[in-house]
Amino acid sequence: MVRIGVTGIVLIAALALASGSFGHISAAATGPAQIGISAEQTNFVRLNVGKSGRSPGDTEVLRQALFNKRLSTKAIGHSSVMCTYAIGRERLCRGTYFLPKGTIVVAGSITFRQVYELAVIGGTGLYDNARGTLTATRIKKSPPREFLLFRLVG
C-alpha cells in the first residue's frame, strides 16, 4: 500500500489544477485589458406585453453600430441587446457585442440608460471565456450614442 502525506496530496492537487486536468477548470484566454469604443443605436423595438405603457414583462430590443473613431469612421462591429422590464424602470438585460476578433457577452440589470454597468460573462475568439465589466455612459441623446468601456480581468 502506498502512503502519501498531506504535502504530497496538496502537491498533486496543485499540479492537476495548474495543468487543467482536474475536471472542467479552464483559464480565460483574455488577459487583463480595457477596450473603449463608442456605440450608436441603429434599431430599437419595444414589445408591450401587458397593460399600456411600461409594465413587467415588456421587452426592449436594440442594435448598435460600434465604432473606434481613432482608427476609422466605419463601424467595427455591432451589438444586439435585449432587456425585459421587471418592476418600475428596472430591466434585466443580456447582450452580445460583435467585434472584429470575437464577441463579448454581457448580462445584468439596468435602471437608467444614461449610465449603467453590466457583467461580462463570456465571449468567443480573442475574448473566449472573458470576465469583467462593461460600463456604458450616454454621450448623446439623439441619435442615442454611448461610450462603452469594457474592463476585462481574464
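Among the residues making up the range 96-118, those that are out of contact with any Ser or Thr (no Cβ under 6 Å at 6 or more places or on another chain) and free of Cβ contacts under 8 Å to residues at least 24 places away in the same chain are 107, 108, 109, 111, 112, 116.
At pLDDT 95 or above, more than 22 Å from residue 142 (Cα to Cα) and not in a loop (DSSP other than H, G, I, E, B): is that true of residue 108 in this structure? Yes.
Is it true that some residue in the range 64-74 is part of a loop (DSSP other than H, G, I, E, B), in contact with an Asp or Glu (Cβ under 8 Å, 6 or more places away or on another chain) and without any contact (Cβ under 8 Å) to a residue 24 or more places away in the chain? Checking the range 64-74: not a single residue is part of a loop (DSSP other than H, G, I, E, B), in contact with an Asp or Glu (Cβ under 8 Å, 6 or more places away or on another chain) and without any contact (Cβ under 8 Å) to a residue 24 or more places away in the chain. In the range 106-154, the qualifying residues are those that are among the basic types (Lys, Arg) and over 12 Å from the mean Cα position of the chain (by Cα), and the one that is surrounded by the fewest Cβ atoms within 10 Å (Cβ to Cβ) is 141. So residue 49 fits all but one of (1) modelled with pLDDT under 85; (2) aliphatic (A, V, I, L, M); (3) assigned to a loop (DSSP other than H, G, I, E, B); what number is the exception? The number of the failed condition is (1).
Could we say that residue 39 is within 19 Å of residue 138 (Cβ to Cβ) and at pLDDT 95 or above here?
yes
Within the range 57-66, is there a residue that is under 17 Å from residue 151 (Cα atoms) and either within 19 Å of the chain's Cα centre (by Cα) or at pLDDT below 95 (or both)? Yes - at least one qualifying residue is present in the range 57-66. Here residue 12 fits the description: more than 24 Å from residue 132 (Cβ to Cβ) and modelled with pLDDT under 85.
Looking across the range 42-60 at every residue that is surrounded by 14 or more Cβ atoms within 10 Å (Cβ to Cβ) and not basic (Lys, Arg), the one that is farthest from residue 137 (Cα to Cα) is identified as 58.
The values are calculated or read from the model by the stated rules, or taken from the named source; none is laboratory data. Everything numeric here is computed off the predicted structure, so don't read it as measured data. We place every Cβ from the backbone using ideal geometry, glycine too, and count neighbours over all the protein chains shown.
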